[in-house]
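Note sheet for the following structure.
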Amino acid sequence: MAWVSRWKSKFVTIDYDNPDSLGVCDRTGFTFNTKDLCKQMEWRGDNLVWTGLMVGRPYLDIPNEQNRPPLVKSDPKPINNARPPTPYPDPEYPVIGTYEQTVESLGNGSFFSENDPPYYFLQYSNAPIPGWKDPNPVPDPNVLLEELRKVTFQ
């Protein structure tokens, strides 16, 4: 049987008393016994599906779990005749009104005093904010460019 040596690879075992067919791995092209070729599977949706490849056991990929859809728990069952809790007014903490009520109570006043400018609001902005004088306003871009041109490196 000289033709057998042509097909023989390290993955093939030939038993002359009990012959077995040979097949080619779709991934590598190596010759295998047919019993050693496996179906390559992958996750599609929530099921394992055959990709159509017959692959030798050493080259068989484990299906990647990342291709499975995530397990999402169902929503809780609704309660019949539900009663949402009523807000409890705490006497130690005053109730804060809506934005419209706050603006109405301020009238034309400002949130900020003239002596204490808030530095946490747009410190370097050229946009005017009522009641706030920026101690470090951003200079004109042309002035900044002129100052940068004066810088020399050694």
*What full-extension length gain, to one decimal in nm, is calculated for Lys39 and Ile14 as 0.36 nm per residue of separation minus the Cα-Cα distance?*
6.8 nm
*asked:* Between Tyr99 and Ser74, what's the calculated FRET efficiency when r is the beta-carbon distance and R0 is 35 Å? Round to 0.05.
replied: 0.40
*At Arg27 and Thr86, where each label point lies 7 Å from the Cα along Cα→Cβ, what is the point-to-point distance in nanometres?*
6.8
_Could you order the peptides 72-80, 12-20, 52-60, 38-46 from most to least packed, using the average number of other C-beta atoms within 10 Å per residue?_
52-60, 38-46, 12-20, 72-80
*Cross-link partners among lysines for Lys8, C-alpha distance below 27 Å, same-chain residues fewer than 8 apart left out?*
Lys35, Lys39
*Using per-residue counts of other Cβ atoms within 10 Å, averaged over each peptide, order 24-30, 61-67 from highest down.*
24-30, 61-67
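Taken together, the values in this text are just the output of simple stated rules run on the coordinates, not laboratory data. Small disclaimer: the values here were computed from a predicted structure and weren't measured. Note that each Cβ is placed from the backbone with ideal geometry, even for glycine, and that neighbours are counted across all protein chains shown.
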